Each structure stands twice: as C-alpha cells, then as structure tokens.
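The values are calculated or read from the model by the stated rules, or taken from the named source; none is laboratory data. From a predicted model like this one, the values you see are computed outputs, not experimental measurements. Cβ placement follows ideal geometry from the backbone for every residue including glycine, while neighbour counts extend to all protein chains displayed. The protein model used for the area step is the full one, side chains on, heavy atoms only, and it has no ligands, DNA or RNA in it. Shrake-Rupley method; radii C 1.70, N 1.55, O 1.52, S 1.80 Å.
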Amino acid sequence: MVPMQDAPPRVGYADLVAMPDDGRRYEIHGGGLAVTAPFDIVFDEYDVVQPDVVFFRAERLHLLDPNAVTRAAPDIVVEVLSPSTAAVDRGRKMQMFARYAVPEYWIVDPLERRIEVHVLVDGAYRQDQAALPGDTVRSVLLPDLKFPAACIFTFP
C-alpha cells in the first residue's frame with residue numbers, strides 16, 4: 001500500500017497580502033506563488049497576477065481604484081519575456097488570461113526583437129501578428145493603436 005502524502009496547501013490572495021515586505025514582488029497562478037511586477041490583478045482567490053503592462057479602455061476605467069487591487073480583466077496585457085519568465089508567460093499565464101477573457105495578450109521578446117499580438121478567439125489565443133523591428137505593431141481591439149516595433153527595441 002502506498003502511504004498517503006499531504007497535498008501542498010494552495011496559496012490564496014489572503015496569503016499574498018500577508019507576505020512580508022521583503023522587496024520581492026509576488027503573484028499567484030492557480031494557487032501557486034511566482035515573482036513579478038507590482039500591479040495586482042485579482043481574477044479570483046487563486047489567480048492573482050502582476051503583468052508588466054496592462055491597458056483598460058477609457059469606458060472601463062471606472063473599474064480601477066488606484067488604492068485597491070483590480071478585480072477586472074484588462075483589455076490588453078503585455079508581458080516582456082526574460083529567460084526566467086518565458087515559459088510561464090507563454091504557458092500558464094497565457095492560459096489564465098484566456099480563461100479570464102482578456103481580449104489581447106502581447107508578448108515582447110527582447111532577445112528575438114519580436115512583438116507578438118495574440119487575440120482571444122473562442123476562448124483561446126490565436127497569434128494575429130509577430131512584428132519585427134521593421135514592422136508596425138497593430139492592435140486588433142484598438143484599431144488606432146499602431147506604432148513601429150523598432151521603437152520598443154531602440155534605446156537612447
């Protein structure tokens with residue numbers, strides 16, 4: 001007979017709030033903890049993220065309170081890949097953003113100098129664009145949002 005093992009406890013938003021102010025930045029994926037940026041998006045008790053960039057359309061700004069966490073899904077989420085976050089950004093986080101109906105998910109890959117625009121279609125992301133420095137990045141959700149991809153990868 002196989003001995004029973006305790007399942008690891010799930011980490012929830014209450015646990016996140018109780019974390020020490022130790023200079024680290026935390027987020028939760030399906031009850032597990034990861035480190036990232038400082039703006040909490042609380043989808044539910046077990047899915048809390050801090051994307052690199054979020055965008056809310058003007059007509060949805062009333063959903064934001066600068067003094068509280070945000071419980072509404074952004075219109076666009078942008079994640080900048082790093083070697084330590086690429087697998088999570090392309091995997092669990094991408095699936096989570098689709099599950100919570102974020103209309104566009106952008107991935108900026110500084111090593112490949114590429115910006116991917118993923119659009120939510122029937123509950124899953126479809127890559128609409130993979131822009132390189134010579135291309136123009138275009139949002140599907142916001143047709144007026146367009147800019148040269150090179151400006152993201154050009155440093156003064």
Quick shape summary for the range 46-88, equivalent ellipsoid via Cα gyration tensor, semi-axes whole Å in descending order, reads 23, 12, 8
For the range 66-156, the percent of accessible surface on carbon and sulfur atoms (probe 1.4 angstrom, ligands and nucleic acids excluded) is 58 percent
Once SER84 and VAL53 are pulled to full extension, the length gained, defined as 0.36 nm per residue separation minus their Cα-Cα distance, is 9.4 nm
To the nearest Å², the heavy-atom accessible area per residue of the range 71-112 with 1.4 Å probe amounts to 44 Å²
Expected sort for 111-119, 74-82, 56-64 on mean C-beta neighbours within 10 Å, highest first, is 74-82, 111-119, 56-64
Rounded to one decimal in nm, the spacing of the 7 Å Cα→Cβ label points at ASP21 and PHE153 is 4.0 nm
Given 84-93, 121-130, the highest-first ranking by average Cβ count within 10 Å works out to 84-93, 121-130
Surrounding charge for ASP109, neighbours by C-beta under 15 angstrom, Lys/Arg +1, Asp/Glu -1, total -2
